[in-house]
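In what follows, a structure is listed as structure tokens, so that the remarks can point back to it.
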Amino acid sequence: MAPTDPQSYPLLETLDLPADLESLDERTLTDLSDEIRSFMLEVISQNGGHLSPNLGVVELTIALHTAFDSPTDRIIWDVGHQCYPHKLLTGRFDDFPTLRQESGMSGYPSRAESDHDLVENSHASTSLSYATGLALAREEGDDSYVVAVIGDGALTGGMAYEALNHIAQLSPERLIIVINDNGRSYAPTVGGLAAHLAALRVNPAYERSKEILGEMARKIPVVGETTDEALHRLKEAIKQVLQPATFLDVLGIKYTGPIDGHDLEVLEATLERAKQFKEPVVVHAVTEKGRGYAPARDESERTHGVGAFDLVTGDAHANGIGFTDAAEAIIADAAEQHPDVVAITAAMGSATGLGRLAEMHPDRVIDVGLAEQHAVTLASGLAMGGRRPIVCIYSTFLQRAFDQLVTDVALHDLPVIFMIDRAGVTGSDGPSHHGAFDLAYLRMIPGLSIAAPSSADELAGMLATALDHPGPVAIRYPKAGVNSIPQLPATPVPLGEWEELSSGSDVLILAVGRMVPVAAKAAVQLEQEGISCGLVNARWVKPLDPRLPEWAEKYERIVTVEDGVASGGFGSAVLGALAPLGLAGKIRVLGLPDAFLPPGNANVLLSELGLDADGVAARILAGD
């Protein structure tokens, strides 16, 4: 896109940020807040990105950069969905129009972009652990602060509780935890903590109670103790009457709040007070997700992360039907056919295709919050109890529950189904979101069957197969388009049976998932060059089709094509199966490199990696 006219945003263009923030009055800071929101809306409407989380933290971000001296003071953004104001306040106005574009600005904090970015986030609940480590690593005489900004949604993840427990034990100095409480992650925050924060959030007596404690205490005579000791004891007693202890009080971590997360004066004053203590302090700020833009204040998940949209109406530009849309219909139909089916999400129900089932049978969709490990072991317990759990999750987030996959699901050979969305190269969200590793980390797990559909029809057939299978099954599919929603109910796709699409004599191409149509186009090009190609849709990565050795004997060369890392993936499985037969020399493996991939359009990235039709054909012609 063309750069935005900087004259529309005079403060962002002319200020030296964040250094100038301390010198600005409240009126100018308010104007700056408005500019940030307007500029973000303009860019996100064209490039896509995380909309409502960033609109909600503008004032909080300004207050943080006013109260703290970044990057000397380290600010860590949990998840990173809310880092756009931070980027604009740390000198990246000119680059911001390239947000999430090829070779452009990352949609998350990026160490390559700025010294103000410490952690290239995307996985929730990690900030407190990073912050504790940074606080402990400070050398003597280092008076800098470490600030962790964590949302109420991220506080539903187990790592956050582990870190809080450790913080309570160690009590590291100059560690400040800011809870950005907007009542939502992707979806509304669930669980006991959410209810606890909500109770604080809506209790008007809390702030007033803090104001009157001192007044009441000073009116009571002191006998037998120093004034300071007596006042402290009395304040604590009155506080417990007016406002019960928070869970942080129980841990022994100093807490203040809730405060208005959009009141700059209150935010700055509270953060300055928090800096005065020589112990960890939690500041609880209540913010409004989507603030300043009515369509983004929608209570659904649709404006959390968006593609390009109409800035006037907030309506998304049409993108066609994708695998997630097909999965939504397929899962809902499967639940109708199988009353024992129950679906599990880690705070991403609509994003993983559970919207329709949630409308039809809300009691059969379980949202555990951002707690992937719990989600997987919960599914194990449900399966032990006779239910048929379907865990709907992105590939990158399933990585977080690898131990639970191994010891809680596979070791017990439980019939848990994993619907793994966003597999392979995903696009603009970058290295932390590409589902590059699932084939490799899933393939090593004993007893786990792995499917990779090339179409919506296959996706439906594979789920039908999985529901009749007595053990665990993983079905992984990309963020990509499909032709249509399949006819349902579906015909099962036999476990371990591949589809031979064409036969030849020179080269056999074994393609997985989204690479099947790519390989089909490459085969046509090769035929035009006089190379006779066979093509197989290797739709089950595990188990392999028993016909593989027979096919391998027939061809001079075998090429595997996958959209996962080549190391340990499907091609490695084929090599492992054929090497004992003396056929390893025939095999060439095409897949993703041993690297973290940058953000960018998925098709462009695959082309640059030689994994489009032209690239596959060229590599086969060259003998690669």
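General remarks:
- Taken over the range 373-414, residues that are of a type in the set (S, T, N, Q) and touching a strand residue (DSSP E or B) at 6+ places or on another chain (Cβ under 7 Å) amount to 2.
- For the range 297-332, filtering for residues that are touching a residue at least 12 places away in the same chain (Cβ under 8 Å), among the small types (Gly, Ala, Ser) and under 25 Å from Asn47 (Cα atoms) leaves 9.
- Test: residue in the range 75-91 that is without any contact (Cβ under 8 Å) to a residue 60 or more places away in the chain, out of contact with any Asp or Glu (no Cβ under 7 Å at 6 or more places or on another chain) and of a type in the set (Phe, Trp, Tyr): yes
- Any hit, the range 260-277, residues being modelled with pLDDT under 90 and surrounded by fewer than 17 Cβ atoms within 10 Å (Cβ to Cβ): no
- Yes/no for Leu583 being more than 39 Å from the chain's Cα centre (by Cα) and not polar (S, T, N, Q): yes
Matching residues to (1) without any contact (Cβ under 8 Å) to a residue 40 or more places away in the chain; (2) of a type in the set (Phe, Trp, Tyr); (3) surrounded by fewer than 17 Cβ atoms within 10 Å (Cβ to Cβ); (4) within 30 Å of Met105 (Cβ to Cβ):
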{"residue": "Asp438", "(1), (2), (3), (4)": "no, no, no, yes"}
{"residue": "Arg443", "(1), (2), (3), (4)": "no, no, no, no"}
{"residue": "Gly447", "(1), (2), (3), (4)": "yes, no, yes, no"}
{"residue": "Leu463", "(1), (2), (3), (4)": "no, no, no, no"}
{"residue": "Pro470", "(1), (2), (3), (4)": "no, no, yes, no"}
{"residue": "Ser502", "(1), (2), (3), (4)": "yes, no, yes, no"}
{"residue": "Asn537", "(1), (2), (3), (4)": "no, no, no, no"}
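- Scanning the range 77-106 for residues that are on the phi > 0 side of the Ramachandran plot and under 19 Å from the mean Cα position of the chain (by Cα) returns Val79, Gly80, Arg100.
- Test result for Ala335, modelled with pLDDT of 90 or more, over 20 Å from Glu42 (Cα atoms) and more than 19 Å from the chain's Cα centre (by Cα): yes
- Wholly enclosed strands (runs of 3 or more DSSP E) of the range 492-571 bearing at least 3 residues aliphatic (A, V, I, L, M) and closer than 19 Å to Leu611 by Cβ: 507-511, 557-565
- Between Glu102, Glu59, the distinction of being in contact (Cβ under 8 Å) with a residue 12 or more places away in the chain, in the same structural domain as Leu175 (by TED's automatic domain parsing) and surrounded by fewer than 14 Cβ atoms within 10 Å (Cβ to Cβ) belongs to Glu102 only.
- Residue in the range 19-33 that is in the same structural domain as Asp263 (by TED's automatic domain parsing), of a type in the set (D, E, K, R) and in contact with a strand residue (DSSP E or B) (Cβ under 7 Å, 6 or more places away or on another chain) present: no
- Selection count where residues are in contact with a strand residue (DSSP E or B) (Cβ under 7 Å, 6 or more places away or on another chain) and on the phi < 0 side of the Ramachandran plot, scope the range 168-181: 7
- When Leu597, Leu578 are checked against the criterion of being buried (at least 18 other Cβ atoms within 10 Å of the Cβ), touching a Pro at 6+ places or on another chain (Cβ under 8 Å), assigned to a loop (DSSP other than H, G, I, E, B) and not assigned by TED's automatic domain parsing to the domain that holds Met462, Leu597 stands alone in meeting it.
- In the set (1) within 18 Å of Glu13 (Cα to Cα); (2) over 20 Å from the mean Cα position of the chain (by Cα); (3) of a type in the set (Lys, Arg), the condition left unmet by Arg74 is number (1).
The values are calculated or read from the model by the stated rules, or taken from the named source; none is laboratory data. Please read all numbers here as calculations on a predicted model, not as lab measurements. Quick reminder, even Gly has a Cβ in these numbers, built from the backbone with ideal geometry, and neighbours come from all protein chains shown.
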